[in-house]
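A.B. asks: Take a look at this one; I'll ask things after.
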Amino acid sequence: MNDTMSIITSRVMSGNSMTPIAATLVSKTEEVLGVVTMSLRLETSEPFEFQFGQFNMLSVFGVGEVAISIMGRHEDELLHTIRSVGRVTHALARLKPGEQLGIRGPFGQGWPIERAIGKDLIFITAGLGCAPVVAAIKHAIQHRENHHRIVILQGVKHHRDLLWRPQYEIWRDQHQCQVLLAASEEHKRKQHWKLGVVTGLLEEACFDADNCIVMMCGPEIMMKAALEQLKLNGVPDDACYLSMERNFQCGQGFCGHCQIGPYFVCKDGPVFHYPNIKPWFGQWGL
């Protein structure tokens, strides 16, 4: 580790959460065109604990940093999936194994895994928005005895846009695990796919509206439509949790870029209990 990396690590270990930890890119996998999953090794002996649904700020030195959901952990390496769409994400996607970057985090509030024990667990996601719930889905599958039914609803534009396709087949084979997929811009139906948007899948989903927890993430217009459909199906607002996206620049509620109503999404979210954020959710300009 060079002198700069040593200074960065020592600052983080002393408790400065505004300074990134040095990390090394161990490997990366192209999921679909423009989307890569990075496996990162932290250059510190300090434990790195996180909740499912939290995010890190990843930085390329001399370029900038960006908020990326934590996909999970493989052995001692952290996983992050990145869509290359801007200056910082382009730079992250161009990194090669062995090169270093910075990590600050974890930040925010995660999914209420404990509250879902003994209930049906429904995941509703769209596009790359599925990234914040993948670790939670894997945890639920690994602890299958904790839940009654598990229902996974995923929507994309085209079936080829689906990330981690083999995982969905594994999940589909689990006991009382229903996997429903929708493609909104397909010309003809594919096997296991419904034509249309993800909210249309709720018509086929099997769960107990009186004993369930819903975890959803993706475009707000999709989540708003899903909440309306869930209400019609008898699911109370109290059972719903949302992962919100905003312009995260500090991760600690200092800069104010991610404010929505009285909340800072980076600090009070990104996972919100729907009743808490309902008055401001879907409001233009918030």
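The values are calculated or read from the model by the stated rules, or taken from the named source; none is laboratory data. Just so you know, these numbers come straight off a predicted model, no measurement behind them. Glycine also receives a Cβ, built like all others from the backbone with ideal geometry; neighbour counts cover every protein chain displayed.
A.B. asks: Report whether or not GLU114 is over 22 Å from THR29 (Cβ atoms), acidic (Asp, Glu) and surrounded by fewer than 16 Cβ atoms within 10 Å (Cβ to Cβ). Write out each step before concluding.
C.D. replies: On the way: over 22 Å from THR29 (Cβ atoms): yes; acidic (Asp, Glu): yes; surrounded by fewer than 16 Cβ atoms within 10 Å (Cβ to Cβ): yes.
Here the answer is yes, as GLU114 does meet what is asked.
A.B. asks: Could you check region 60-104 and list, in sequence order, the residues that are among the β-branched types (Val, Ile, Thr) and closer than 23 Å to GLY127 by Cβ? Quick ask: steps written out before the conclusion?
C.D. replies: In the first step, residues of region 60-104 are kept if they are among the β-branched types (Val, Ile, Thr); the result is 60, 63, 66, 68, 70, 81-82, 85, 88-89, 103.
Within region 60-104, VAL66, ILE68, ILE70, THR81, ILE82, VAL85, VAL88, THR89 meet the criteria.
A.B. asks: Residue by residue through region 87-115, note down the ones that are touching a residue at least 40 places away in the same chain (Cβ under 8 Å) and within 24 Å of LEU242 (Cα to Cα).
C.D. replies: Of everything in region 87-115, those that are touching a residue at least 40 places away in the same chain (Cβ under 8 Å) and within 24 Å of LEU242 (Cα to Cα) turn out to be ARG104, GLY105, PRO106, PHE107, GLY108, GLN109, GLY110, TRP111, PRO112, ILE113, ARG115.
A.B. asks: What number goes with the only condition from (1) under 23 Å from VAL271 (Cα atoms); (2) out of contact with any Asp or Glu (no Cβ under 6 Å at 6 or more places or on another chain); (3) among the polar types (S, T, N, Q) that SER59 does not pass?
C.D. replies: Condition not satisfied by SER59: (2).
A.B. asks: Same structure again: With the checklist (1) touching a residue at least 40 places away in the same chain (Cβ under 8 Å); (2) of a type in the set (Asp, Glu); (3) closer than 26 Å to LYS157 by Cα in hand, flag the one item GLU204 doesn't pass.
C.D. replies: (1)
A.B. asks: Another question, then. Would you check which residues across region 156-168 are modelled with pLDDT of 85 or more and either touching a Cys at 6+ places or on another chain (Cβ under 8 Å) or farther than 26 Å from GLU114 by Cα (or both) and list them?
C.D. replies: VAL156
A.B. asks: Let me ask another. Could you list, in sequence order, the residues of region 77-102 that are in a strand (DSSP E or B) and either within 17 Å of the chain's Cα centre (by Cα) or acidic (Asp, Glu) (or both)? Explain how you work it out, then say what you get.
C.D. replies: If we filter region 77-102 for residues that are in a strand (DSSP E or B), which is where we start, we get 77-83, 100-102.
GLU77, LEU78, LEU79, HIS80, THR81, ILE82, ARG83, listed by residue number.
Yes/no matrix, rows are residues, columns are (1) of a type outside the set (Val, Ile, Thr); (2) more than 27 Å from GLN252 (Cα to Cα); (3) out of contact with any helix residue (DSSP H, G or I) (no Cβ under 6 Å at 6 or more places or on another chain):
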residue: GLN51; (1), (2), (3): yes, no, yes
residue: SER69; (1), (2), (3): yes, no, no
residue: GLY86; (1), (2), (3): yes, no, yes
residue: GLN109; (1), (2), (3): yes, no, yes
residue: ARG115; (1), (2), (3): yes, no, yes
residue: GLU145; (1), (2), (3): yes, yes, yes
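A.B. asks: Related question: Of the residues GLU49, GLU43, GLU31, GLU65, which is buried (at least 20 other Cβ atoms within 10 Å of the Cβ) and of a type in the set (Asp, Glu)? Full working, then the answer.
C.D. replies: Numbers: GLU49 fails: buried (at least 20 other Cβ atoms within 10 Å of the Cβ); GLU43 fails: buried (at least 20 other Cβ atoms within 10 Å of the Cβ); GLU31 fails: buried (at least 20 other Cβ atoms within 10 Å of the Cβ).
Exactly one of GLU49, GLU43, GLU31, GLU65 is buried (at least 20 other Cβ atoms within 10 Å of the Cβ) and of a type in the set (Asp, Glu), namely GLU65.
A.B. asks: Can MET222 be described as under 24 Å from ALA140 (Cβ atoms), in the same structural domain as LEU181 (by TED's automatic domain parsing), among the aliphatic types (A, V, I, L, M) and touching a Ser or Thr at 6+ places or on another chain (Cβ under 9 Å)? Working first, answer last.
C.D. replies: Numbers: under 24 Å from ALA140 (Cβ atoms): yes; in the same structural domain as LEU181 (by TED's automatic domain parsing): yes; among the aliphatic types (A, V, I, L, M): yes; touching a Ser or Thr at 6+ places or on another chain (Cβ under 9 Å): yes.
Answer is yes for this residue.
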